[in-house]
Structure formats: structure tokens, C-alpha cells
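What follows is one structure encoded as C-alpha cells, with my remarks underneath.
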Amino acid sequence: MTLRADDAGVTVHPREFPTNRGGLCQKGWTAAELLDHPDRLTTPLVRDAATGELHPASWDTALDRVVAGIRAVQDDAGRDAVAVFGGGGLTNEKAYALGKFARIGLRTRHIDYNGRFCMSSAAAAGMRAFGIDRGLPFPLADLGRADTLLLVGANPAETMPPLVRWLTEQRRNGGKLIVIDPRVTATARQADLHLQPLPGTDLAVANALLHIALTEGWVDRDYVADRTTGFDAVRRGVAAWWPARAEQLSGVPVADLEATARALGTGGRVIILTARGAEQHAKGVDTVTAYVNLALALGLPGRDGSGYGCLTGQGNGQGGREHGQKADQLPGYRRIDDPVAREHVAGVWGVPADELPGPGVPAYQLLDSLGTPGGPRALLVFGSNPVVSAPRAARIEGRLRDLDLLVVADLLLSETAALADVVLPTAQWAEEDGTMTNLEGRVLRRRALRPPPPSVRTDLAIISDLAARLADAESTDVDPADANPASVRPAAVAAARFPADPAAVFAELRRASAGGAADYAGISWDRIDADDGVYWPCPTEDGPDTPRLFADRFATADGRARFHPVDHRPAAEEVCATYPLHFTTGRVLAQYQSGTQTRRVAALRRAAPEAFVELHPDLATRLGIDDGDPVRVTSRRGEFRAPARLSAGIRPDTVFAPFHYAGAGRANSVTNDAVDPISGMPEFKICAVRVEKA
Ligand SMILES: Nc1nc2c(c(=O)[nH]1)N[C@H]1C(S)=C(S)[C@@H](COP(=O)(O)OP(=O)(O)OC[C@H]3O[C@@H](n4cnc5c(=O)[nH]c(N)nc54)[C@H](O)[C@@H]3O)O[C@H]1N2
Ligand SMILES: Nc1nc2c(c(=O)[nH]1)N[C@H]1C(S)=C(S)[C@@H](COP(=O)(O)OP(=O)(O)OC[C@H]3O[C@@H](n4cnc5c(=O)[nH]c(N)nc54)[C@H](O)[C@@H]3O)O[C@H]1N2
Ligand SMILES: [Mo]
């Protein structure tokens, strides 16, 4: 998109760009409305101990309170008693600065981010199969050329409208679209074939598809022999997944499984994509792995116009997972427990490697430990609203209330910010420069169009200010008057180490990422402008970038992709007499995430004003519920209420609700906090509930 500042303020105009071809979704069109929204935070807020209320305060007062709180907690309980929670909407520069601030500003191991709720299962599966995690290892435009495109648990018609034109183009070219979703979504309606499985059975479906491909002789034996390892164990495992068994479990007819396998196995250019429907499960990594196994057996990854990919979610969902806001990660997609990586990054940061903390814990585990014995007692949040978006949200809300210090940087008073001791107002997208990396691994510019309002600071400025004040607070034993006048104050050193200028941060990020998997060393802002974005890895300024991965080798030590045998297992919580229905969650077109922003835009509020519970008319009749009736959805963890929306497009054994709403309509009051053992991804997409008329 392009932004224009004119007399009327900032307006959003779509721009012809290779990724979206000038298309923009409704939330993009309306985003400028928040820049001057009356709810926008324009001054820091500090909670008054006497009244318990948030009051406007100066930046000095607010930052002093934050620093004093951090010092008190760390003096008493150690450095790890302070934690940081980031977001996949932050620019690369901010994600990088936040990770660095946690490790060498606060010197805590506890940092993680909302991408753990979003990208982590596909990322882990990609890492273990391909040795690298880039959402799409090929340009998005390849979708338009695919003969067969399989979408597993993805609803891009509502969640990624600019992508829909590639689907349209694909079908115009005679391609076949197959969608796997328990609901007839706007995307499924466009499909040639829609498989409607029970939530949580995608793994079994994938194993059955591979079973059929083996039986029919569609497996690419040369590719398997030349480019992969580990197929035998997978072959033995899927032998037990004959189609009738998968039908019994998932409800997908054998004929549809066979038609799908045929389209994939004989299709020419074939692309398999997963999204949150398949991934947000306590077996999300294994489920994605099952689709990767299928793709590898058919010889797709690295073949022109074919492959496996994951539809990355948030604005900077890809870049946000590369630069160190993940608990186990250093910039450039390096591992924090890798001694070579530690040396390199510590060198760029100017600290000894042994001063870097070790890995922390994944997001849900971190949130669930807040304020508990041995857990962090202070939390700094940048770019997330876990009171609405975390699973089992009432419990997490309680944990946040138990903290000694909660600091939230946001542009609006989100439900999480409303619980904070200190709220710091931040700039919005149109008010700061930076870069984002899209689902293709393509690094893009985001340009400042106007300065932030006078008493609003950018996240980078906040991090810089906090680092300087913390450094000063640490050296209080030295009276500045006694210090050698020629020596530099610790605050100045810290401020220089944490520049607020995004260009300076990006220059450092390039050096820190050099030699890592996500290598940005050769990417300059000028080159991004000149080339309409640059695909990582891009190690040198005059060398090529990498629109396509895997053409010759995978990013593993021996260059081969790895098969991993995976088997179906039940959801963490199964239905029973008390909670007889499957509950799943997701998104609607007009709302974004926890809704902090979109619930405040008039046109979006009109389009999707409140939560709803989608259920099949037959189920509704059985429960005595009419369309529009208020219903209560109850699980072992809590309940929420919303009007019923009857739809013949959902399985009669499954109910659905969007998670964008707070208060009584908060779907996450009932979701399960079981997590994937490898990725830490919560099971947002299935739990057991009871539904009644309220
Ligand atoms: N309008 C809008 N767009 C968004 C966002 C938003 O909040 N609003 N958020 C962005 C972000 S961060 C993300 S991560 C993406 C997410 O993008 P998507 O993954 O497309 O979104 P979801 O609606 O979470 O899930 C997709 C589908 O999974 C289905 N599903 C549920 N359970 C299962 C299951 O067990 N198996 C299968 N196969 N399908 C299942 C749901 O019915 C739903 O239609 O969207 C991005 N775009
Ligand atoms: N039941 C259920 N729950 C889910 C999901 C689901 O499918 N079902 N999906 C999960 C997924 S995929 C995701 S990504 C999460 C998302 O959920 P959250 O992590 O809560 O993400 P957002 O709602 O985008 O929250 C972003 C917050 O940061 C603020 N913000 C925006 N930009 C900036 C910035 O630049 N700086 C700062 N400091 N603040 C900013 C916004 O105003 C908002 O309050 O929800 C997860 N929760
Ligand atoms: Mo997400």
C-alpha cells in the first residue's frame, strides 16, 4: 500500500505490488482511522497506589516507576524475575531491539512472544524437516500457477484477502483448489473439493493421503532416494492408515481422500499449505510434519512451481520470529544454546558471550508462571493483548494481576494495558520507519509519514530510554560528581547501545544476522526500495537474494530433507457426557486478533459487532436454540456468552466462535491451555464444551 499525507491527514491507497497486486483488505483501508482516534493513548499512565486507578503522568514519572519496579524485583529475586513479552506485529528492528534489551539490558532469560500462539508449530516442523523455517520457500505468485493447491486449516478469503486473487488466477488457469476445514468457509466455497474433517484429525487425513499415494505408485522414488532421509519409517507408519480408518476418525469420505490424493499425486505443479486450523493443536508440529512428509514423498519441495508452505499470520509474523524475541533464539534465526551463535552475537553487542542468559520458556508457560513462586514478578509487554488472546484467558488474567509490576506499551488501552501499573503510549505504523518480512521471506519497508503525537514515543525510543535509566540505576553507588569527568556515564553507553533510530538498529541487525539462517547482511533499505523487497538469505550486498529455497539442497547438514514418522493422537481434551461438543475458534474478516484496534473502527464494528457461536441447525434444534438466541458455551475452564448463529456449513458435532472479543464474549475463557510438547503452541482449535441457551 502507499500512504499519503494530505490536508485531510493520512489516507491509505492500495499500490500495485507483486505480492498483493494492488489489493488491500478492509482492515488496511480503515487503518488510518486509528491514528487520530479519540481512544488513542497520548500520555503515559501510572497506577495510583491510593485510588488503584490509572492516571496520566509524565514520561519521567512513568519511566522512573518502571525502573524502580524492575530494580526492586531483580534485587530481591534475581534477574530472571523480570520477563518480556513481544509481538509478531513489531517491525524487525523492534523485535531485534526487544530481544537484545531482554538479554543484555535486563539480563533475563525470560522473553517470548505471541508468535508462539501463531507460527511456532509450523516453524518447528519446517526446521526439523528442511533445516530452515521460511513460511513460503517460494514466491506467493507460484500459487497462481499451481495445478493443485491444497489448503489445510486456512481461510485466506477472510484472513488474507489480498491472497485471494492468486486463488482466482489459479482456477482461471485450470488449477484445482482443495480445502480442508470443518466449516464451509468463504474459502471452502471457492474450492473444487472441500474435506470437512472433525477438528484435530488432520494428521490422520495426511497419513491416509500418503497411504493412498504409496498404494497407487504416486510416490517420487528418485526424489526420495536422492534428496531425503528417513522415508522407510514413515512408509511403515502410514501403512496402518488405510483410508477407511481415516474416514472413521475424521468423517472425510474415502472417495474424497482418494480424489485428493489423486489430485496431489498426479497433478503436475502441486502446492500444499497449512495454516492455524491444522497447526494450533497440542499435536500441531506432528500434524504439519505429516503434510511435509506427504509433500516430500511426492517430490514437491524445491521443484519449480511446487512445494510445502505455511501461511504466516501477523503483519511481521515471519520477521518477528527471526531476530531474537523467541525464548530460545538469537538474531538471524540462531539458537541461543549454540556456543558459536552466542560468540557472534555477543561480539556484535559488545558483551562477553558468557554474560548472555540461556533459553527461557515458551509463551504460555511463561504467562502461566507469572507471580507464582519462582516465576517472574514483573512483565513488560510490547505488542500483544494476552488477556483476550491467550488460551484459558481467565487464568492468565489472574496471573497478570498477581505481578508486582506490569508494564504495557500500546497505542490503545487494551484489556491487558488496563491491568498495568504503567502504560506507555507508542507510535503507530504510519509514524515510524522500519522493515517487515512477509510470508515469502521478503523484507519490505515501512515508512514514516508523520511524526508521532508530541508525548508519544516509539517502541525503540522506549527501549532506549529504559536501557539508559536502568544503567544509571545500576551505578548509583558511584556519585556522578566523583566520577572522572572524561569518563562516559553508563546511561550514555546504554543509550548508544540501544539506538532509537530504526536505521541504526537495522544496520546492527544486519551484522548480527550475518552467517545465520535468516541472513540479512546484504539487505539495505535502499536495496529493498530498488527491488520491491529482498528475500533472505541475502549474505552480500552485491550478491543475489533467495526468492526460492531448496532447488538444489535443503538447509540441513547433509543437504537432505528429513522425514519423521508421526501418528495420530487424540486431542488433549475429548468430548464426554458433560462436555459433548467439539469447540473450535478462528477469525472473521472484519476483526483483527484481540480486537484492540479493529473493535474501535466504526465500519469494522458495524460489520462484526460482537462475538457469535456458530452451530448447525440440527444441533440447535436438539438444544432448543434459535438463530440469534443468547447461548452459553462452557468448558472445564470457564464460559462465555454470545448470540447463536445457525449455519448448515458447520459439522453438527462442532461449534465455532471467533476469538476477537473481550468480556462476556471472550472465546478464550473456555479454550484449552494444553500445548504442543515441541513448539509450545496452545490447542486453540479444539476442546470439549457444553452449549445451552443462556
Ligand atoms: N480478518 C483477519 N485476518 C487475519 C487475522 C485476524 O485476526 N483477522 N489474523 C492474522 C493472523 S495473526 C493469523 S495467524 C492468520 C490466521 O489465518 P487462518 O489460519 O486462515 O485463520 P483461522 O480462522 O484461525 O483458522 C483457519 C480455519 O481453520 C479452521 N479449523 C478449525 N479447526 C480446524 C482443524 O482442526 N482442522 C482444520 N483443517 N481446520 C480447522 C477454522 O474453521 C478456520 O476457518 O490470519 C491473519 N489474518
Ligand atoms: N482462541 C484463539 N485464540 C487465539 C488464536 C486463535 O486462532 N484462537 N490465534 C492466536 C494467534 S495466531 C495470534 S497471532 C494471537 C494474537 O493476539 P495478540 O497477541 O493479543 O495480538 P494483537 O491482538 O495483535 O495485539 C497486539 C496489541 O499490541 C498493540 N500494538 C499494535 N502495534 C503495536 C506496536 O507497534 N507496538 C506496541 N507496543 N503495541 C502495538 C495493539 O494495539 C494490541 O493491543 O492470538 C492467538 N489467540
Ligand atoms: Mo497469528
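Numerical summary
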quantity: Table column - 3J(HN,Hα) (Hz), segment 258-267, Karplus curve with 6.51, -1.76, 1.60, x for Gly and Pro; calculated: 5, 5, 5, 4, 5, 5, 6, x, 10, x
quantity: Selected from 111, 387, 506, residue furthest toward positive end of dipole (the chain; charges at beta carbon); calculated: 387
quantity: Segment residue 569-residue 304, extension gain: residue separation times 0.36 nm, minus the distance between their alpha carbons; calculated: 92.0 nm
quantity: Distance between modelled label sites at residue 623 and residue 450, nm, 7 Å Cα→Cβ extension; calculated: 4.6 nm
quantity: Percent RCO, i.e. relative contact order, over segment 581-693, from Cα pairs under 8 Å lying at least 6 residues apart; calculated: 37 percent
quantity: Nonlocal amide H pairs with residue 381, under 5 Å, H built at 1.01 Å; calculated: 85, 407, 408, 409
quantity: Computed magnitude of the charge dipole of segment 581-693 (debye, nearest 20; Cβ of K, R +1, Cβ of D, E -1); calculated: 360 debye
quantity: Residues listed by number, segment 550-564, amide nitrogen under 17 Å from residue 226 label point at 7 Å toward C-beta; calculated: 550-555, 559-562
quantity: Sequence-distant aspartates and glutamates (8 or more away, or on other chains) whose Cα lies within less than 15 Å of residue 94; calculated: 112, 322, 410, 431, 432, 433, 459, 465, 501, 508
quantity: Interchain or long-range residues, amide H under 5 Å from residue 457's placed H; calculated: 427
quantity: Amide hydrogen neighbours beyond the local backbone of residue 412, cut-off 5 Å, H modeled; calculated: 41
quantity: Stokes-Einstein D for segment 510-551, Kirkwood Rh over Cα pairs, 37 °C, 0.692 mPa s (µm²/s); calculated: 323 µm²/s
quantity: DSSP beta bridges in the chain [antiparallel fraction, %, rounded to 5]; calculated: 45 percent
quantity: Farthest positive-ward along segment 278-382 dipole, Cα basis, beta-carbon charges - from 352, 297, 314; calculated: 314
quantity: Mean separation of Cα contacts under 8 Å, 6 or more apart, over the residue count of the chain: relative contact order %; calculated: 19 percent
quantity: Neighbour count of at most 10 Cβ within 10 Å plus DSSP loop: longest GluC sites (Glu not before Pro)-free window in the chain; calculated: 54-694
quantity: Cα-based shape type of segment 247-314, given that a ≥ b ≥ c are square roots of the gyration tensor eigenvalues and the cut on a/c is 1.5; calculated: oblate
quantity: Dipole magnitude of the chain, debye to nearest 20 (Cβ charges: Lys/Arg +1, Asp/Glu -1, about Cα centre); calculated: 1340 debye
quantity: Under Karplus coefficients 6.51, -1.76 and 1.60, residue-wise ³J(HN,Hα) of segment 437-454 in Hz, glycine/proline x; calculated: 10, 7, 5, 8, x, 9, 7, 10, 8, 10, 10, 6, 10, 8, x, x, x, x
quantity: Karplus 3J(HN,Hα) series, Hz, for segment 489-498 with 6.51 cos²θ - 1.76 cosθ + 1.60 (x for Gly, Pro); calculated: 5, x, 4, 5, 4, 5, 5, 5, 6, 10
quantity: Bins of 10 Å from zero: percent of alpha-carbon pairs in segment 497-601; calculated: 11, 21, 18, 28, 16, 6, 0
quantity: For segment 144-272: rounded, prolate or oblate by the Cα gyration tensor [a/c cutoff 1.5]; calculated: oblate
quantity: Helix-derived mean residue ellipticity, 222 nm - over the chain, DSSP H n ≥ 4, -39500 (n - 2.57), to 500; calculated: -9000 deg cm²/dmol
quantity: Cβ-Cβ FRET estimate between residue 239 and residue 165, R0 fixed at 30 Å, reported to 0.05; calculated: 0.15
quantity: Taking 119, 436, 681, 160 and counting other C-beta atoms within 10 Å, the order from fewest to most; calculated: 160, 436, 119, 681
quantity: Segment 581-693, Rg to Rh (Cα coordinates; Rh as Kirkwood inverse mean 1/r); calculated: 0.97
quantity: Trypsin sites (Lys or Arg not before Pro) restricted to DSSP loop in segment 180-260 with at most 14 other C-beta within 10 Å; calculated: none
quantity: Residue 58 paired with residue 402, simple spin-label distance in nm, labels 7 Å along Cα-to-beta-carbon; calculated: 3.7 nm
quantity: Lysines whose Cα lies under 23 Å from that of residue 100, excluding same-chain neighbours fewer than 8 positions away; calculated: 326
quantity: Percent antiparallel among DSSP beta bridges (both partners in segment 581-693, rounded to 5); calculated: 65 percent
quantity: Percentage relative contact order, segment 231-307, counting C-alpha pairs under 8 Å, at least six apart; calculated: 27 percent
quantity: Cα pair distances of the chain binned at 20 Å [whole percent]; calculated: 18, 53, 27, 2, 0
quantity: Under 19 Å from residue 685, Cα to Cα: lysines that are on another chain or at least 8 residues apart; calculated: 283
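Read-outs throughout are calculated quantities, based only on the coordinates presented, and are distinct from any laboratory measurement. Quick caveat, the model's predicted, so the values are computed rather than measured. Please note: Cβ atoms are built from the backbone with ideal geometry, for glycine as well, and neighbour counts cover all protein chains shown.
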